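A short write-up of the structure that comes next.
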Amino acid sequence: EGGNITAHLAHDVSRRGRLLDAVDVPLGGLGLPTDTGLYYTKIEIGTPPKPFHVQVDTGSDILWVNCITCDKCPHKSGLGIDLMLYDPKGSSSGSTVSCDQPFCAATYGGKLPGCTASLPCEYSVMYGDGSTTTGYFVSDSLQYNQVSGDGQTRYGNGSVTFGCGAQQGGDLGNTNQALDGIIGFGQSNTSMLSQLAAAGKVKKIFSHCLDTITGGGIFAIGEVVQPKMKSTPLIPNMPHYNVKLKSIDVGGTALQLPSHIFETGEKKGTIIDSGTTLTYLPELVYKEVMAKIFAKHQDMTFRSIQDFLCFQYHESVDDGFPKIIFHFENDLGLNVYPHDYFFQNGDNLYCVGFQNGGLQSKDGKDMVLLGGHYFSAHEGFFFLKKICLSCHCLFLSDLVLSNKVVVYDLENQVVGWADYNCSSSMKVKD
């Protein structure tokens, strides 16, 4: 049990900036601290098309896959999938993007110094745990399942520009939970979704339903017509999916918190993101929440397992502990149930998914981080400093967003969600 948790703690930050762009795709993986801690899907690239398994992530922008010339790329995966290396020369529709092409200039805000038509457009991404991917951009045909009017799916395709990974560093080179790449669903024009939308192939609307009960889930591009849901506006001109948090209820009672917790702006506010599992709260918020959660269990005995607060409980946690509601602008509530903020680690042994952000670094005490995959102490520290140093950020991620349909409507700049059975299907407009 302890080793399993340790492996996932070490993996959380490294998996924090990553989400997918296909139209109708099943998800693999399970975003729990005691399982894979990530979600991935399969896309097909090239002519003839070849399959690639990529992690789905809303916290980053570009799509990249490991290339045939890659140094330190994993050759096998502990997830039980066959890994693939992309070969630009092996696809009749593939081509290298040179640094003087419009995509490269748009990506870097202008033509790069020393650029000539013979030089490739290079990329480099560093993730929160220090893992890196570097390579160059290529363009090729992407195949995906598209929902048709009769409720069936058909193949769609479009040309997209993506990263050809030439060198991986840090956790991305490990075989334990290796994938072929990452597909980012951030708001940038470099994302696959933005490229397909610009070509008139899709609308800039995507959704996911992450299933922590049976694993996997649904990822779709297009307008969700069922289930119906409320939405809250995205804060404009922000690099991530920022929303305005208004209050936090535990067991039907609003927490009395200082106003800066709910402020928005640079280095503060609430961010919706997949790719992290645990929930980091500022010390003040953490103590308030924990006191409310265990108010009716004063005599409970706790044990520490790999920095998690754990306890034995032989009844239903949903019956014995309070529901938490995060309230957002436009009267949108996010319900977080005990089975969401606790995770089971053996028979009748439960661990708390909330962490005290004040213990992670001297700057972390004012941060709220609602996670979905998770962090070891030292990696979490690095991530917090890199992404949100000394800020009042609250990250809503996989654990609290699981078992819900979450819709990112970039056409109307809103995001919404509704509790849902992610093992079932959802209705998406063609």
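The values are calculated or read from the model by the stated rules, or taken from the named source; none is laboratory data. For clarity, every value in this text was computed on a predicted model and none was experimentally measured. Using ideal geometry, Cβ is built from the backbone for each residue, glycine included, and neighbour counts are taken over all protein chains shown. All accessible areas refer to the heavy atoms of the entire protein, side chains included, with ligands and DNA or RNA removed. Shrake-Rupley method; radii C 1.70, N 1.55, O 1.52, S 1.80 Å.
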Reported set for region 241-270 where residues are within 18 Å of L332 (Cβ to Cβ) and open to solvent by 40 Å² or more (accessible area, probe 1.4 Å) is K244, K246, G252, A254, T264
Could you list all residues from region 286-300 that are in a helix (DSSP H, G or I) and closer than 16 Å to K323 by Cα? Y286, E288, V289, M290, A291, K292, I293
Tell me the residue from D140, D100, D82 that is of a type outside the set (S, T, N, Q), in a loop (DSSP other than H, G, I, E, B) and closer than 15 Å to N66 by Cα, please. D82
For region 58-93, enumerate the residues that are under 22 Å from Q143 (Cβ atoms), β-branched (V, I, T) and surrounded by fewer than 21 Cβ atoms within 10 Å (Cβ to Cβ). I68, I81
Let me confirm something: among L193, L112, which residue is open to solvent by less than 10 Å² (accessible area, probe 1.4 Å) and at negative phi? L193
Residues located in region 139-169, provided they are at pLDDT below 75, among the polar types (S, T, N, Q) and buried (at least 18 other Cβ atoms within 10 Å of the Cβ): N145, Q146
Working only within region 306-350, note down all residues that are more than 29 Å from K246 (Cβ to Cβ), open to solvent by less than 20 Å² (accessible area, probe 1.4 Å), in contact with a helix residue (DSSP H, G or I) (Cβ under 9 Å, 6 or more places away or on another chain) and in a strand (DSSP E or B). F308
Among the candidates S93, S118, S77, S124, single out the residue that is at pLDDT 95 or above and of a type in the set (S, T, N, Q). S93
